[in-house]
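Data first, discussion second: the structure below is written as C-alpha cells.
What follows draws every value from the coordinates through simple rules; no lab data is involved. Just so we're clear, the structure is a prediction, and the values are computed from it rather than from any experiment. Here Cβ is always computed from backbone atoms with ideal geometry, including for glycine, and neighbour counts include all displayed protein chains.
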Amino acid sequence: SSALPLQTFPKSSSYVQRVLHLTCSGMAPKTLLLSAAAVCSYLVITGASSDDHGSVEEALIQSDECAGGGSDEQCALAAVQLRGQSIQGGFVQGQDREHGGVAHPTSADVYFVSGNFTLSRRSVPASAPALAAIAAAPSPVPAPAPERGHVKYRLDWEAKGTNFFEGFDFLTSDGNHGASDFVRSYEDAKKAGVAMATGSHAILRAGSRSFYDFKRVTGKVGTKKSWKHFLAAVRFHHVPYGCGIWPAFFTLGTGVEWPTGGEMDILEYVNDQGSMTSFHTTKQCKLDPAQVNKYGSMPDANLVANKNNNYDCSTKYCATCTSLGCAPNKMPLLTGQQWANRPGVFAMERTASFTKLFFIPDADLPGDLSAGNPTPEAWDRWIISYYPFGDSAATCPQPDDIMASQMF
C-alpha cells in the first residue's frame, strides 16, 4: 500500500552467490531481529525483563563457515549450501518459482493495544481438565495436559505506530559475508526507503543497490531489551519472497558468543525454500522424540544435514560440519510466497522448561490476545514447533539455562 518501487536484483553470478541476509554464521553484535525486508505491524514482548543483560560481544565467532579464509563469495556460498541441505528430503511442498529476481515490499496493520503490566502467576491443580480449546483442536494426537500451572502474562514492551522502531537499534555489522549494506539509523533507513513506520503499519525491507559492488542497502534491527521467560507475538501482513533474499525473525542470547546463549529461529527462509523453525546452541542438548511429537508429528527438518542425528540442537558451522541444530517442524514447510498469502501472528512462549512456537491465522486470532490477556495454554492447536527442554533433561541438562536472556 505504501510500498516504494524496487529495482530487480542484478543477475551476476557473484551476486547470486551472496545473500541479502545469511543467518547461519555469527553476527556482531549478537542482537539480530528483523532483517532483509521482514515486516510486522506489532511486536509484543510480555514477561519479566532480565536484571543482567550482559555485554554484547563484538567479535565474529571463529567457527563459522568462513573461518578457513576465502573470498566473501566463497564464504556466503558455502553457508548457503549448508543451509540448503537442511530442507532436502521432500519437506517443502507447493513451491512457486515464478517470482525470482524481485524483492517484494512489505506492509501491515497495527493490531495490539498498549498497557502497563507486570508478570504474575497462579497454580492450577494437576487434576484440572484441559481447556476446551485444546481438547477440541484438530490434531492427529490427543492434546496433552499443560506442562505447568496457568501463567498470567502482562504487557512489558511493545512496538507499534509511528514510534515502532524506537525500541530497536539499527545494527551495521555483517558477519555473514553477504550482500547487505546495513543502514546505521532509522533516519538513514527512511531516506533509503528501507524502513518506515506509520500509524497503521511498519515496513522493513531491502532497498536500492549500494555504492559497494554486489551489495544492496537494507536494514537489520534488534531490540534494546532482552527477556529470559516471556511470551512474544508479532503480526505480519506480508513477507518478502523471490530469488536472492534471506529474511528472518528470531531471537539471540545476550552477553555470550553465538550460539552459546541460544538462537531460536521463528521465521527464516532463503530464496524459494520453505521456512522452518530451528534452535542453535553450543551446549549439550538432544530433544526427546516422544516429547517433541506429543502435539503432533514434528520431524526434524535438519535430519538430512545432521546425518540422521535426530533433534540434536548442538550447532557448529563450518565447510564440513554436520551439526546445524535441531529443527522440529510441522509439515509441510511453507515458502515465502505461501507465508505472504497467510497473514497472521507468530508467537513464542519461553518458560523454564519448554519453548513453544505458534502461528495463528488472522481469521483465528483469539480474543484473549487482542484483549491484552493472552492465555497461550489454550493455543496448542496453533503450535508449529515444540522444544521440550525440561522433558528432555536426560539428554539436555539444565534446561532453563539452555537459553540466555533473549533479544529479538
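Each residue of the range 238-251 was assigned a 3J(HN,Hα) from its phi angle through the Karplus curve 6.51 cos²θ - 1.76 cosθ + 1.60 (θ = phi - 60°); the sequence is 7, 10, x, 8, x, 6, x, 10, 8, x, 7, 10, 7, 10 Hz, with glycine and proline shown as x. The trypsin sites (Lys or Arg not before Pro) of the range 255-363 meeting both criteria, a DSSP state outside H, G, I, E and B (loop) and at most 12 other C-beta atoms within 10 angstrom of the site's C-beta, are 307.
In order along the range 209-225, the phi-based Karplus estimate (6.51 cos²θ - 1.76 cosθ + 1.60, θ = phi - 60°) of 3J(HN,Hα) comes to 5, 7, 4, 7, 4, 6, 10, 9, 5, 7, x, 9, 10, x, 5, 6, 10 Hz; Gly and Pro are listed as x.
For residue 229, nonlocal amide neighbours, meaning residues 5 or more places apart or on other chains whose placed amide H falls under 5 Å from its own, are 48. Computed over the range 166-225, the percent of Cα pairs more than 15 Å apart is 47. Starting from the Cα of residue 294, draw a straight line to each of the lysines and keep only those under 29 Å, dropping any in the same chain fewer than 8 residues away. Here the lysines satisfying the reach criterion relative to residue 294 are 152, 228, 283, 286, 307, 316, 330, 356. Near the amide H of residue 206, within less than 5 Å, lie the amide hydrogens of 37, all on another chain or at least 5 residues away, with H placed in the peptide plane.
Listed values for the range 157-164 are Karplus-derived 3J(HN,Hα) couplings in whole Hz (6.51 cos²θ - 1.76 cosθ + 1.60, θ = phi - 60°), namely 7, 7, 10, 6, x, 5, 9, 3, and x replaces Gly and Pro.
For residue 255, the amide hydrogen comes within under 5 Å of the amide hydrogens of 57, counting only partners 5 or more places away or on other chains and with H modelled in the peptide plane.
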